[in-house]
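Peer 1: Please read through the structure below; I'll follow up with questions.
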Amino acid sequence: MVSELGRLSISSIRRHKLRSVLTTLGIILGVGSIVGMVSLSASFENSFLSSYSNSFLPNEFAVGVGMESLGGGSAQYNIVPLPVFTQHDLNAIGKISGISSVLPMGQITTTGQNAVTVNNSTIFAASVTGTTSALGGFLPLCNGTAFSSTGQAVVGYSVARTVASGLHSNDTSSALGKVISVNFGRNVSGSFQISGVLADSPIGYNDLVLVNLSYYHETSLLNGTEVAAYTGLLVLTGSVSQLNSVEQATVSYLKESSQARYILNDYSNLKMGFITVSNAQVVQFIVSSVQQFSGFIIALGSVALLVGMIGIANIMLVSVSERMREVGILRAIGAKRSEIAIMFLIEVSIMGVIGSAVGLLFGFSLALIILKLGIFGSSGTPLIIDWVWVPIAILLGIAVSLLSGMYPAYKASRILPTEALRNE
Amino acid sequence: MKPKILQDGLLRTDIRITETGEETVETLDEVRKVYSSKGGSYEALRGVSLSIRRGGFYSLTGPSGSGKSTLLHIMGMLDSPTSGKIQYLSRQVGDLPDSSLSRLRGDEIGFVFQAYNLVQRMSVLRNVMLPMSFSTKIHAAERRERAMDLLERVGMLGKENKLVLQLSGGEQQRVAIARALANRPSLIFADEPTGNLDTENSGHVMGLLREINEDGGTIVVATHDQDIARFATKHLKLRDGSLVGDEI
């Protein structure tokens, strides 16, 4: 019986090919966008975590001034380079239990668009920061070493890529030994030979040009006296497990006992406070941003599915009214109401299975194309297919189809045979 | 208990075997059918009582609008009466749920319609096999063979793989007769079976129905054509929803 009903359903689908395709379009788009975005998100996450796993230290956090309320990884993008951290503070923080070392960071104000150049061509977005030669212990290098003299600099991965591209090379190591110029303003400029390249980093160090701290001259007023003050600190803890408690202890110190708290008072109109941002937080923030974007697309996919459901219900109602006579014939030769309903449900289920299978292929292909084109990031990220989505998508397609086909099937099952046959 | 004699000289009691030894297949008792709509109501059948005996060949005649099709549909359990009782063998049809009624209809009743009512997009063979798939009477392995036998009987062998669309009206009606016989029904109802056919094809179709009757099949043919009614051996005449006699 079911095979005969299935045969009738299939022949109905085949008889109205265009209509069937349009009916399944909602499922294809819905399932496709959901599966595609889930795959894309998984691919990004996997690629991101694997490619950056050696580019940052998990037991590190940055200290800066920023909007406290924002918190989390997003704070990293809200750190304002205010010169507030004195050498005294740096020493005091270094003594906090659990902290193994502290690196001063002083963002250097540069002038104009041509702040950093190589062979007279500008390296856009480059940001110059003064620090010590201990930087290698805080920021992993992929090429070369930390600077050993004031005439050398360590550059971020993107800066190195720009220098290398000028040499028609993709290899950042070819930037080593090359000279970049920094315009410090007021007719002061300096040339630096690249001694090292920072590893490709997801946490905002790719555009850095790190030079000796002696080029950093920012000061702030502390009780009427001008003192040297850094714009930020990088802190290493003894272990990852200590990260949270040490971050809290650092903020407590800065708020309650530091010289920086007096200096920051002068900037009170900015309503900012001391913040710490661990590398793990930044990574988590980036991953969750991708997931949020995926969630948005999945929500759009769900809307497509919902619209698809309405489309299926509508088309099935049309199909029921078109096939009234057929229903009448089947009822006359012994089909039960339930069997009539089953016939229409088989029809929508077939469309659901086909729709979700095509949707799966569409989703995976979409994810693959986005990854190949590098629309949302570096191209060449491998596609990660989470196979658990294959049965989920098929079941989702069937469930959505069945749900939308229920009312038309019920309506068909209630058709009186005499009324249906009168349709002659 | 003495059976009550009704129109057509048939019996209506709980006794299933008449005094002449003929088994009663179906009995209608005071069946009324009223169609109601916003514009008012229309009484299509006004208390029809009759019995159908096994092996009978009945004609159901009457002018257009007299209630022939309505009565045929009610007898064939395609429609339910507004009031009155229908008994099929020992079963009260009114008490049956839809699922049982559908099975009873599929197993025990065959229909032949004026417009053939075959599933157009299926092959001839599939159409004949279709009623068997809703029934447990014919074993799945025997269905194809039985369908082929039936097609041979109606002279359609060799055209079993054709689509219904490719057949002439006369051929379609012969396939419809084969389909009606699929589940070895006790009763065959034919509603104007020759209404869409020319004289030659009408003759073929009625010849087939007579053959079926001669083999023991019970047939009721609704028609307004007196020539067709003459194929029957027993006659039921309807006028304005009431049985009015046993003349053609």
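Throughout, read-outs are computed from the coordinates displayed, never taken from laboratory work. Everything numeric here is computed off the predicted structure, so don't read it as measured data. Please note: Cβ atoms are built from the backbone with ideal geometry, for glycine as well, and neighbour counts cover all protein chains shown.
Peer 1: Got a sec? How would A:His88, B:His235, A:His168 order by Cβ neighbour count within 10 Å, fewest to most?
Peer 2: If I rank by nearby Cβ atoms, fewest first, I get A:His168, A:His88, B:His235.
Peer 1: Right, something else. Please give the peptides A:58-65, A:239-246 ranked by average Cβ packing (other Cβ atoms within 10 Å per residue), highest first, as a rough proxy for protection.
Peer 2: Those peptides, ordered most packed to least, come out A:58-65, A:239-246.
Peer 1: Right, here's the next one. Could you work out the Kirkwood radius for chain A, taking every pair of different alpha carbons, averaging 1/r and inverting it, reported in Å?
Peer 2: 26.0 Å
Peer 1: State which helices in chain A qualify, where a helix is a whole DSSP H run, it must extend 15 Å or more along its own axis by its Cα atoms, and its mean Kyte-Doolittle hydropathy must be at least 1.0.
Peer 2: Qualifying helices: A:17-51, A:279-322, A:337-373, A:389-413.
Peer 1: May I pose another question? Working from the alpha-carbon coordinates of the stretch A:176-220, get Rg over Rh, Rh being the Kirkwood radius. Numbers along the way, then the final one.
Peer 2: Working: Rg = 12.5 Å, Rh = 12.4 Å.
That ratio is 1.01, to two decimals.
Peer 1: Which peptide among B:116-122, B:90-96 comes first, and what is the full order, when sorted by highest mean count of other Cβ atoms within 10 Å?
Peer 2: The peptides rank, most packed first, as B:116-122, B:90-96.
Peer 1: How many partner chain Cβ atoms sit within 10 Å of a residue's Cβ in peptide B:75-85, on average, as a whole number?
Peer 2: For peptide B:75-85, the averaged partner shielding equals 2.
Peer 1: Give me the lysines in straight-line cross-link reach of A:Lys95: C-alpha distance below 25 Å, same-chain residues under 8 apart excluded.
Peer 2: A:Lys255
Peer 1: Then there is this: I'd like the distance between the alpha-carbon centres of the stretch A:92-113 and the stretch B:19-69, rounded to an integer number of Å.
Peer 2: Centre-to-centre (Cα) distance: 102 Å.
Peer 1: For peptide B:127-135, compute the average count of partner chain beta-carbon atoms within 10 Å of each residue's beta-carbon.
Peer 2: Averaged over the peptide's residues, the number is 5.
Peer 1: Determine the distance separating the Cα centre of the stretch A:131-149 from the Cα centre of the stretch B:91-147; give it in Å without decimals.
Peer 2: Here the answer is 87 Å between Cα centres.
Peer 1: Give the Rg/Rh ratio for the stretch A:120-166, taking Rg as the radius of gyration of the Cα atoms and Rh as the Kirkwood radius, to two decimals.
Peer 2: 0.95
Peer 1: Got the relative contact order for the stretch A:109-217 handy, in percent, Cα pairs under 8 Å and 6 or more residues apart?
Peer 2: In percent, rounded to a whole number, it is 39.
Peer 1: Over chain A, what is the mean sequence separation of C-alpha contacts under 8 Å (at least six apart), divided by residue count, expressed as relative contact order in percent?
Peer 2: Computed value for chain A: 29 percent relative contact order.
Peer 1: Another one. What Kirkwood hydrodynamic radius, in Å, does the stretch A:109-217 give when the mean of 1/r is taken over all pairs of distinct Cα atoms and then inverted?
Peer 2: 13.4 Å
Peer 1: Starting from the Cα gyration tensor of the stretch A:237-368, multiply each eigenvalue by 5, take the square root, and state the resulting semi-axes largest first in whole Å.
Peer 2: One finds semi-axes of 65, 16, 13 Å for the stretch A:237-368.
Peer 1: With N set to the residue count of chain B, report its C-alpha Rg divided by 2.2 N^0.38 Å to two decimal places.
Peer 2: 1.00
Peer 1: What does the helix-only formula give at 222 nm for chain A: each DSSP H stretch with n ≥ 4 adding -39500 (n - 2.57), the total divided by the residues, and the result rounded to the nearest 500 deg cm²/dmol?
Peer 2: Mean residue ellipticity at 222 nm (helix-derived): -16500 deg cm²/dmol.
Peer 1: Show me A:185-191, A:403-409, A:32-38 ranked by packing, highest mean number of other Cβ atoms within 10 Å first.
Peer 2: A:32-38, A:403-409, A:185-191
Peer 1: To continue, here is another question. In what sequence do A:Phe293, B:Phe111, B:Phe231 fall when counting other Cβ within 10 Å, fewest first?
Peer 2: Fewest-to-most Cβ neighbours within 10 Å comes out as A:Phe293, B:Phe231, B:Phe111.
Peer 1: For q values of 0.10, 0.25 Å⁻¹, compute log₁₀ I(q)/I(0) with the Debye formula on a Cα-only model of the stretch A:81-172, without solvent.
Peer 2: After summing over all Cα pairs, the log10 values are -0.35, -1.40.
Peer 1: Could you give the distance between the Cα centres of the stretch A:1-33 and the stretch A:228-276, to the whole Å?
Peer 2: Using only Cα atoms to place each centre, the spacing works out to 63 Å.
Peer 1: Exposure proxy check: B:Glu26, B:Glu160 ranked by fewest other beta carbons within 10 Å?
Peer 2: On the way: B:Glu26 23, B:Glu160 20.
Exposure proxy ranking, most exposed first: B:Glu160, B:Glu26.
Peer 1: Take every Cα pair under 8 Å in chain B that's 6+ residues apart, average their separations, divide by the length, and report that relative contact order as a whole percent.
Peer 2: Relative contact order of chain B: 27 percent.
Peer 1: Count, for each residue of B:104-111, the Cβ atoms from other chains sitting within 10 Å of its Cβ, then give me the mean as a whole number.
Peer 2: 3
Peer 1: Let me ask another. Note down the magnitude of the dipole of chain A about its Cα centre, charges +1 on Lys and Arg C-beta and -1 on Asp and Glu C-beta and zero elsewhere, to the nearest 20 debye.
Peer 2: With Lys and Arg at +1 and Asp and Glu at -1, about 1660 debye.
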